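Asker: Submitted below is the structure of interest, expressed as structure tokens.
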Amino acid sequence: GQARSFVISFTPDDLFAPTLVALRFECVNKNAAPVVQGVNTLLLSASETPVPDIVAIAATAGGIPGVVDITGASGSAAFVVATVNVGAGGDMTTSVDTVGLPLSATVCETDPQTSLCMDTPDTTATSQIGPGATLAFAIFLAADGIVPFDPAQNRVFVYFKDSDGIDRGSTSVAVR
């Protein structure tokens, strides 16, 4: 029942494309925590040249942190994502994957002063992000059916792709 903090480091010995790495956590006399994409996974790559490296975190309103609540089969909801680029600068395309759930999604980059969308929400948002820069986004979801509460399976993913279409970061939330 206690919290623990870990520092996990990787030292690549060769170049490799972005790869989803599962982190496994196991305690004495307990089964290992299940691997849930977007919860205890990490997108890892090693490149010969500097590339953008987007660290993203999502925030939800209301009830359970990390869970977007949509009321009814035709309800709507929103969540936000903050990013920091710990790599090289470049163009980033932000997109939302509802993973086959009965949802539609749009995204917009938000103004850091007002939190308002800088453009009309669309299926993607393209932004320039410099080294060390931060950006924020709003994601809007609209239901076209009931989404049962299954946080390991019913997730919405936000992806950040570079100008070559390569994933450079992601985050996710559970949805119900």
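The values are calculated or read from the model by the stated rules, or taken from the named source; none is laboratory data. Everything numeric in this text was worked out from a predicted model, so none of it was measured. Neighbour counts are summed over all protein chains in view; Cβ atoms, including those assigned to glycine, are modelled from backbone coordinates with ideal geometry. When the accessible area is computed, the model is the full protein with side chains, heavy atoms only, and any ligands, DNA or RNA have been set aside. Shrake-Rupley method; radii C 1.70, N 1.55, O 1.52, S 1.80 Å.
Asker: Within region 131-150, can you find the residues that are over 29 Å from Ala73 (Cα atoms) and either assigned to a loop (DSSP other than H, G, I, E, B) or open to solvent by less than 90 Å² (accessible area, probe 1.4 Å) (or both)? Break it down into steps so the answer makes sense when it comes.
Answerer: Of region 131-150, the ones over 29 Å from Ala73 (Cα atoms) are 131-135.
Passing the criteria: Pro131, Gly132, Ala133, Leu135.
Asker: Considering only region 63-85, how many residues are surrounded by 12 or more Cβ atoms within 10 Å (Cβ to Cβ), in a loop (DSSP other than H, G, I, E, B) and within 16 Å of the chain's Cα centre (by Cα)?
Answerer: Here is the first cut: in region 63-85, the residues surrounded by 12 or more Cβ atoms within 10 Å (Cβ to Cβ) are 64, 66-70, 74-85.
Filter once more, so that each one left must be in a loop (DSSP other than H, G, I, E, B): 64, 66, 69-70, 74-75.
Right, trim to within 16 Å of the chain's Cα centre (by Cα) and you get 66.
Residues flagged as surrounded by 12 or more Cβ atoms within 10 Å (Cβ to Cβ), in a loop (DSSP other than H, G, I, E, B) and within 16 Å of the chain's Cα centre (by Cα) within region 63-85 amount to 1.
Asker: Filter region 18-41 for residues that are under 21 Å from the mean Cα position of the chain (by Cα) and either of a type in the set (S, T, N, Q) or loosely packed, with under 10 Cβ neighbours inside 10 Å (or both) and give the result.
Answerer: If the condition is that a residue be under 21 Å from the mean Cα position of the chain (by Cα) and either of a type in the set (S, T, N, Q) or loosely packed, with under 10 Cβ neighbours inside 10 Å (or both), then Thr19, Arg24, Gln37, Asn40, Thr41 are the ones that fit.
Asker: Among the candidates Ala46, Ala58, Ala77, Ala73, single out the residue that is among the small types (Gly, Ala, Ser) and either in contact with a His (Cβ under 7 Å, 6 or more places away or on another chain) or under 25 Å from Ala3 (Cα atoms) (or both).
Answerer: None of the other options fit; the residue is Ala58.
Asker: Can you say whether Thr123 is among the polar types (S, T, N, Q), in contact (Cβ under 8 Å) with a residue 24 or more places away in the chain and open to solvent by 60 Å² or more (accessible area, probe 1.4 Å), as far as the supplied structure shows?
Answerer: Values: among the polar types (S, T, N, Q): yes; in contact (Cβ under 8 Å) with a residue 24 or more places away in the chain: yes; open to solvent by 60 Å² or more (accessible area, probe 1.4 Å): yes.
Judged against the criteria, Thr123 is a match.
Asker: So Thr60 ticks every box in (1) touching a Gly at 6+ places or on another chain (Cβ under 7 Å); (2) loosely packed, with under 15 Cβ neighbours inside 10 Å but one. Which box is left unticked?
Answerer: The single condition Thr60 does not satisfy is (2).
Table: residues versus (1) small (Gly, Ala, Ser); (2) without any contact (Cβ under 8 Å) to a residue 24 or more places away in the chain; (3) more than 21 Å from Thr83 (Cα to Cα).
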| position | (1), (2), (3) |
| --- | --- |
| Val21 | no, yes, no |
| Val28 | no, yes, yes |
| Pro34 | no, no, yes |
| Gly38 | yes, no, no |
| Glu48 | no, no, yes |
| Pro52 | no, no, no |
| Gly63 | yes, yes, yes |
| Val67 | no, no, no |
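Asker: Right, another one. Kindly check whether there is at least one residue in region 93-114 that is closer than 21 Å to Gly66 by Cα, more than 14 Å from the chain's Cα centre (by Cα) and surrounded by fewer than 12 Cβ atoms within 10 Å (Cβ to Cβ).
Answerer: yes
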